[in-house]
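Reviewing the structure listed below.
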Amino acid sequence: MTDHGEMRWDGDDTDWTAMHACEKWVKAEGYSIGPTDRTHCRGVLFEPGVRIAKWHSLTPTERAGCDAVVVGSNRNGPLTLQMPAPASPRSTIEAIIDAHQIDGAA
């Protein structure tokens, strides 16, 4: 996957803190995120209320249809939200960062 943009959440030596921070941000933006998976990948769609299957259950076409992917250790962090290029016309990570003046994005 070629990255168009990414955001990163680091853990704070407490289990699951990176995952909870990532999920909170994704949901606050009105997006949907798939469940945790043994592959350490989770699909993200820029639409609210969409149920996304575990990454290992998605077909290659379904994976390609995700607007972004969260990768990394859910338990210990870090987690990175990666957006493939070309980005969805609905938004880009850069636009989200600019619109919300988010600090600490990779």
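The values are calculated or read from the model by the stated rules, or taken from the named source; none is laboratory data. Computed from a prediction, not measured in an experiment: that's the story for all the values here. Positions of Cβ are generated from backbone atoms using ideal geometry, with glycine treated the same way; all protein chains shown enter the neighbour counts.
Tabulated results
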read-out	value
Residue in segment 46-54 that is within 9 Å of the chain's Cα centre (by Cα) and touching a residue at least 24 places away in the same chain (Cβ under 8 Å) present	no
Number of the exception - residue 7 against (1) part of a strand (DSSP E or B); (2) at pLDDT 95 or above	(2)
Residue that is surrounded by the most Cβ atoms within 10 Å (Cβ to Cβ) [pool: residues in segment 56-71 that are of a type outside the set (A, V, I, L, M) and under 18 Å from residue 27 (Cβ atoms)]	66
Search result, residues across segment 16-50 that are of a type in the set (D, E, K, R), more than 14 Å from residue 68 (Cα to Cα) and modelled with pLDDT of 95 or more	24
Residue list for segment 32-60, restricted to those being assigned to a loop (DSSP other than H, G, I, E, B), under 17 Å from residue 74 (Cβ atoms) and either touching a Pro at 6+ places or on another chain (Cβ under 7 Å) or acidic (Asp, Glu) (or both)	37, 54
